[in-house]
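Trainee: One structure, as structure tokens, below. Some questions next.
The values are calculated or read from the model by the stated rules, or taken from the named source; none is laboratory data. Just so it is clear, the structure is predicted and the values come from calculations on it, not from any experiment. Virtual Cβ from ideal backbone geometry, glycine too; neighbours counted across all protein chains shown. Just so you know, the surface numbers come from the protein's heavy atoms only, side chains and all, with ligands and any DNA or RNA stripped out. Shrake-Rupley method; radii C 1.70, N 1.55, O 1.52, S 1.80 Å.
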Amino acid sequence: MVTLSLAALWLLLSGYFIPLILTLGVASITVVIWLAHRMDVIDNESYPIHMVPKGFLYYPWLALEIIKSNLAVALAILRGSDALQPQVFKLKATQLSDVGRVTYANSITLTPGTVSIFVDGDEITVHALTPGAKKDLENGEMGRRVSLLEGDVSVSYTHLRANETEAALVC
């Protein structure tokens, strides 16, 4: 679906309707999809296609959070050094997949006043510039929204970790 959407977008923006170019484009798309499928690189981790529809709700919310945090950091800077109280703390990540945790950590970093320093399992080390930024993260709204974005995560048996067995997995 994404491939067809991108191909249609290219067609509309390029304006090339020459049959040879269109045929070569369709052939190259087909070969790339076939190769990717044959190499078994199409899964929920390499390209989390399952997150795309829910992203239409999450990313506008994240953009609003970025704007609000930007204003909060600007006000803290204008208030002076008393408003800036940098601190490092650990935050529990409730996401089930690596993609979910990385999305959460990246969302934290995108938000002004906070930076994800390190992700270790289900724990994210965060640097916050102000107490308000720390409080906003600790209330869990961003984590909850990323978990909703992540959705139901199924385990791919082609990507089992060395310490996991099929009996320990819940699918």
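Trainee: What are the residue pairs meeting all of these: first residue in segment 92-107, first residue open to solvent by 30 Å² or more (accessible area, probe 1.4 Å), second residue acidic (Asp, Glu) and part of a helix (DSSP H, G or I), Cβ atoms under 8 Å, and 6 or more apart or on different chains?
Mentor: Every condition considered, the pairs that remain are 96/150.
Trainee: Output the number of the condition that residue 153 fails; it satisfies all remaining conditions of (1) part of a helix (DSSP H, G or I); (2) of a type in the set (A, V, I, L, M); (3) modelled with pLDDT under 90.
Mentor: Every condition holds for residue 153 apart from (1).
Trainee: Oh, and also: Check segment 92-108 and report whether any residue there is in contact with a strand residue (DSSP E or B) (Cβ under 6 Å, 6 or more places away or on another chain) and part of a strand (DSSP E or B).
Mentor: No, segment 92-108 contains no residue that is in contact with a strand residue (DSSP E or B) (Cβ under 6 Å, 6 or more places away or on another chain) and part of a strand (DSSP E or B).
Trainee: Assuming residue 55 fulfils every condition listed in (1) farther than 16 Å from residue 143 by Cβ; (2) under 27 Å from the mean Cα position of the chain (by Cα); (3) in a helix (DSSP H, G or I); (4) without any contact (Cβ under 8 Å) to a residue 40 or more places away in the chain apart from one, which condition is it?
Mentor: Here residue 55 clears every test but (4).
Trainee: How many residues are outside any helix (DSSP H, G or I) and either open to solvent by 100 Å² or more (accessible area, probe 1.4 Å) or closer than 22 Å to residue 52 by Cβ (or both) if we restrict to segment 3-32?
Mentor: 2
Trainee: Could you tell me which numbered condition residue 82 fails, if it satisfies all but one of (1) open to solvent by 40 Å² or more (accessible area, probe 1.4 Å); (2) closer than 23 Å to residue 57 by Cβ?
Mentor: For residue 82, the failing item is (2).
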